[in-house]
Structures are given as C-alpha cells and as structure tokens.
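Beneath this line is the structure, given in structure tokens, with notes to follow.
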Amino acid sequence: MSTPTLGVWKFTSCDGCQLTLLDCEDELLALAGQVRIAQFLEASSAVVGGPYDVSLVEGSISTPDEAERIQRIRAESRVLVAIGACATAGGIQALRNFADVDEFRSVVYAAPQYIDTLATSTAISEHVDVDFELRGCPIDRHQLLEVLTAYLAGRKPDLPDTSVCTECKRRGLTCVMVAHGTPCLGPVTHAGCGALCPAYGRGCFGCFGPMTNPNVPALTAQLRVLGMAEDEVDRVFRTFTVSSFERER
Ligand code: SF4
Ligand code: SF4
Ligand code: SF4
C-alpha cells in the first residue's frame with residue numbers, strides 16, 4: 001500500500017491553526033513517518049501535486065479566488081477536514097456579514113480599488129462537501145492528532161460533542177458565571193478545549209462554536225439576569241463563530 005498523502009491549505013485566516021499542527025512536534029515526527037506531507041507551505045516550500053488522501057483546510061472563503069480554489073482542492077482530496085473557527089464558521093472576519101463591506105473597504109484601505117473581496121466570509125462547508133469539522137480558535141492539538149490518526153486508520157474521529165460545561169465540571173473548576181456573575185458561553189459551546197478560559201477565571205467566548213442542540217435561548221435569558229443589555233448580549237454571541245451562534249438564536 002502506498003504512503004498516504006497529507007495536504008494543508010490556507011484560506012482567509014491567521015495561520016494559528018496551522019501553527020497548532022507544527023506545535024505537535026514529537027507527534028508530527030511520528031506522523032511524518034506514516035504520511036507523506038505533500039503540501040504544507042507553513043512548514044516547507046516543497047510541494048507535491050495531488051491527489052491527496054487527507055486535506056486539512058484552514059480559513060474562511062472571503063474572496064472570489066478562494067471560492068474557486070476550494071473547488072479544486074475538494075476535487076483532489078479523498079477526505080477534507082475543515083480546521084478552526086474560520087474554516088468551520090467564517091471566523092471573526094464574518095462580522096462583515098452583518099455590515100456594509102464596501103464601507104469597511106473604503107475606510108480601512110488606502111487604495112480600496114485593489115481589494116477584491118466577497119461581501120461575506122463563510123465556512124468551507126457552505127462551498128464544498130466537508131468530511132469533518134474540527135472546532136476552535138485555534139484548534140486543540142490533541143483533537144487534531146485524533147482526527148489525523150483516525151482518518152489515516154480509516155475510522156471516524158472520536159471527539160465529544162457535549163458542552164464546555166461538562167469539561168469544566170470534570171476539572172472541578174468553580175463556575176465563573178455562578179460565583180462571580182461573569183458571562184460565559186460554556187453551556188452552549190462545543191467541548192474540546194478542556195474549559196481553558198474558566199480555568200483562568202474567565203468566561204468562555206464560544207470559540208469552539210455551538211455544541212449539538214445548544215439551548216441558546218436559556219443562556220440568553222441567564223445573560224439578561226446578569227444585567228446584560230440586548231446589544232451586549234448580541235456582542236457576546238458575535239465573536240469567533242458569529243454566524244453559527246446567530247443560526248441557533
Ligand atoms: S480559527 Fe483562529 S487560530 Fe485558526 S486560523 Fe482562524 S483566527 Fe487563526
Ligand atoms: S464557568 Fe462557564 S463553562 Fe464552567 S460551568 Fe460555569 S458556565 Fe459552564
Ligand atoms: S473556554 Fe471557550 S473561548 Fe475559551 S478556549 Fe474553550 S471554547 Fe474557546
């Protein structure tokens with residue numbers, strides 16, 4: 001059997017999720033013995049043409065060129081995994097979806113006529129079929145390794161789809177919302193980070209996106225009890241995965 005090939009692709013993103021792959025260090029060396037890394041420009045300028053057994057796609061679709069390029073990558077990939085909040089939900093740059101992108105362009109850029117952009121920033125799954133979505137901003141390295149080893153072994157990844165609250169309770173952390181009245185999206189956010197923010201006394205910002213069947217209305221009511229005004233509630237849901245929480249509201 002030939003060695004499986006891995007491609008890593010960047011769209012509109014900050015590269016942080018690709019850096020998580022580089023951060024796997026020892027595991028990456030072991031992985032490199034089992035796969036042929038055919039395309040990973042963050043790590044090497046050497047490029048091998050497709051097809052690819054597994055493609056990891058970072059970033060959202062926010063330009064006409066990207067909308068075309070993702071079609072080509074899909075056609076060349078046996079398994080396509082979207083990694084990170086940008087690729088799975090449009091990312092923080094999807095804030096433009098609720099604004100006038102032409103106004104942004106004219107205010108932000110000195111020469112806006114050279115900026116070729118779409119009016120929206122959207123998830124990879126809104127453009128092509130996606131085999132798996134790995135959440136987070138950035139993704140969690142342990143979850144990434146599980147996804148890679150699962151697909152290389154020909155099985156489905158085994159990742160929890162419960163809430164951050166379950167991880168928080170398992171760690172025995174004090175609830176920042178109950179104890180301190182700190183707004184926290186943990187009750188509706190997909191598990192995977194190990195309740196990172198509550199472990200540092202902060203509320204969850206929802207960077208892993210909605211869990212399966214989130215009860216967003218109930219959390220919204222609790223945020224109002226904490227004294228948040230409607231515009232504050234809107235802002236707390238409109239950060240890393242703005243579009244996906246909007247769909248649940
Ligand atoms: S999901 Fe976050 S860390 Fe990953 S590329 Fe997007 S902005 Fe960067
Ligand atoms: S701190 Fe947040 S994540 Fe932890 S139990 Fe409370 S609401 Fe849930
Ligand atoms: S606690 Fe929430 S915001 Fe913090 S890393 Fe986890 S999912 Fe992201």
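The values are calculated or read from the model by the stated rules, or taken from the named source; none is laboratory data. Worth saying up front: this structure is predicted, and the values here are computed from it rather than measured. Every residue, glycine as well, gets a Cβ built from its backbone with ideal geometry; the counts of neighbours run over all protein chains shown.
Taken residue by residue, the stretch 76-83 has at least one member that is modelled with pLDDT of 95 or more, within 16 Å of ligand 3 (Cβ to nearest atom) and surrounded by 14 or more Cβ atoms within 10 Å (Cβ to Cβ). For the stretch 1-32, enumerate the residues that are surrounded by fewer than 16 Cβ atoms within 10 Å (Cβ to Cβ) and either of a type in the set (S, T, N, Q) or in contact with a strand residue (DSSP E or B) (Cβ under 8 Å, 6 or more places away or on another chain) (or both). Scanning the stretch 1-32 gives Ser2, Thr3, Asp15.
Which ones in the stretch 137-184 are assigned to a helix (DSSP H, G or I) and farther than 27 Å from Thr12 by Cα? Selection gives Ala153, Cys165, Thr166, Glu167, Cys168, Lys169, Arg170, Val176, Met177, Val178, Ala179, His180. Of the residues making up the stretch 159-177, at least one is out of contact with any Lys or Arg (no Cβ under 8 Å at 6 or more places or on another chain) and away from ligand 2 (no atom under 16 Å from the Cβ).
Only one of Val48, Val35, Val54 is under 18 Å from Ser125 (Cβ atoms), in contact with a strand residue (DSSP E or B) (Cβ under 6 Å, 6 or more places away or on another chain) and more than 16 Å from ligand 1 (Cβ to nearest atom); which? Among Val48, Val35, Val54, only Val54 is under 18 Å from Ser125 (Cβ atoms), in contact with a strand residue (DSSP E or B) (Cβ under 6 Å, 6 or more places away or on another chain) and more than 16 Å from ligand 1 (Cβ to nearest atom).
Of the helices (runs of 4 or more DSSP H) entirely within the stretch 1-115, those holding at least 2 residues that are touching a residue at least 12 places away in the same chain (Cβ under 8 Å) and over 21 Å from Leu145 (Cα atoms) occupy 64-76, 101-108. Of the residues that sit in the stretch 178-194 and are near ligand 2 (Cβ under 9 Å from one of its atoms) and surrounded by 23 or more Cβ atoms within 10 Å (Cβ to Cβ), which one is nearest to Thr212 (Cα to Cα)? Out of the qualifying residues, it is Thr189.
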